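Asks: My structure is below; once you've seen it, I'll send some questions.
The values are calculated or read from the model by the stated rules, or taken from the named source; none is laboratory data. In this text, all values refer to a predicted model and were calculated from it rather than measured experimentally. Using ideal geometry, Cβ is built from the backbone for each residue, glycine included, and neighbour counts are taken over all protein chains shown.
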Amino acid sequence: MTAIYILWLRQVKRYLRSRQQIIASLAQPLLYLLVLGFGLDTVFQQSGQGSYLQFIAPGVVGMGVLFTAMFSGIGLLWDRQFGFLKETLVAPVPRLHIMAGHTLGGATIAMIQGLLVLTVCTIAGFRPADVFAVPTALAFMALTAIVFAALGLAIGSTLKDMQGFQLIMNFLVMPIFFLSGALFPLRNLPPALTVATRIDPLAYGVDGIRGALTLSQFGFAVDAAVLAIVASAFLALGAWSFSRIQV
């Protein structure tokens, strides 16, 4: 447990010291929130869907969590490149603990990022339907962060250079984001697109966050169950990947 805490604390401290990273990571969510949120608000209202800002804000929060959690795998590549990962792996500590520490660190950073994006959304005019439901939204943010931090680390543990990680992230992250329903409602979609959105884990994370803050489509029980199952699967995959890392 000490190893998990040390690895978690190291990642969080490294993130909090990098103010440029924190500011830069807010740029893309702000672009979607301000440009799309205000730009398409009139069109959304004319279609009888209400305020687009209220709809897109939970999706932008999910986006911030997704991107930050997935790119936590880059930290693993840095540790590999500078030898810290080797020192960690040769320590008399189960590799499952190392995986858990990295995952919790990445998930915590993603949670911080999600809270920052939620704060910006509130400043921009977003208002939760029920303030007392915000803790539920935070719980779904945490589940989403664990899912994608585990996935990012599982991928990062199989790679040895930044170029390969960037290619895989771009191949995975953008489809995951666009198919999650963060930017558009998931009702009345073509059958093929409906299937694609149903197998996207982020769709359930966004729906859980949106459901707590405004309105859910799948239901909290379904969202929580899917995220918990996927998180367990990705943690197992990450643990298996860590066990195969050559020192």
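Quick grid of which residues meet (1) modelled with pLDDT under 85; (2) more than 30 Å from R80 (Cβ to Cβ):
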| residue | (1), (2) |
| --- | --- |
| F171 | yes, no |
| A182 | no, yes |
| L193 | no, yes |
| D200 | no, no |
| A203 | no, yes |
| Q217 | yes, yes |
| D223 | no, yes |
| I229 | no, no |
| R244 | yes, no |
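Asks: Output yes when any residue across region 53-60 is in contact with a Ser or Thr (Cβ under 9 Å, 6 or more places away or on another chain), part of a helix (DSSP H, G or I) and either within 28 Å of A239 (Cα to Cα) or at pLDDT below 80 (or both), and no when none is.
Replies: Scanning region 53-60, I find no residue that is in contact with a Ser or Thr (Cβ under 9 Å, 6 or more places away or on another chain), part of a helix (DSSP H, G or I) and either within 28 Å of A239 (Cα to Cα) or at pLDDT below 80 (or both), so the answer is no.
Asks: Modelled with pLDDT of 90 or more, assigned to a helix (DSSP H, G or I) and surrounded by 24 or more Cβ atoms within 10 Å (Cβ to Cβ): which single residue out of A145, A137 fits that description?
Replies: Matching residue, one of A145, A137: A145.
Asks: Could I ask something else about it? Restricting attention to region 148-166, which residues are farther than 18 Å from A107 by Cβ, part of a helix (DSSP H, G or I) and in contact (Cβ under 8 Å) with a residue 12 or more places away in the chain?
Replies: Matches in region 148-166: M162, F165.
A quick yes/no check of all residues on (1) more than 18 Å from the chain's Cα centre (by Cα); (2) part of a helix (DSSP H, G or I); (3) surrounded by fewer than 21 Cβ atoms within 10 Å (Cβ to Cβ); (4) among the polar types (S, T, N, Q):
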residue	(1), (2), (3), (4)
I168	no, yes, yes, no
V206	no, yes, no, no
A212	no, yes, no, no
V222	yes, yes, yes, no
A225	no, yes, yes, no
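Asks: Taking the stated definitions as given, is M111 buried (at least 24 other Cβ atoms within 10 Å of the Cβ) and modelled with pLDDT of 80 or more?
Replies: no
Every residue, every condition in (1) over 26 Å from R10 (Cβ atoms); (2) at pLDDT below 85, yes or no:
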site	(1), (2)
S51	yes, yes
T68	no, no
H102	no, yes
L116	no, no
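Asks: Does region 227-247 hold any residues that are in contact with a Leu (Cβ under 6 Å, 6 or more places away or on another chain) and either of a type in the set (K, R) or not in a loop (DSSP other than H, G, I, E, B) (or both), and which are they?
Replies: The answer is L227, F234, G238, A239.
Asks: Going by the structure shown, is F218 in a loop (DSSP other than H, G, I, E, B) and farther than 24 Å from H97 by Cβ?
Replies: Judged against the criteria, F218 is a match.
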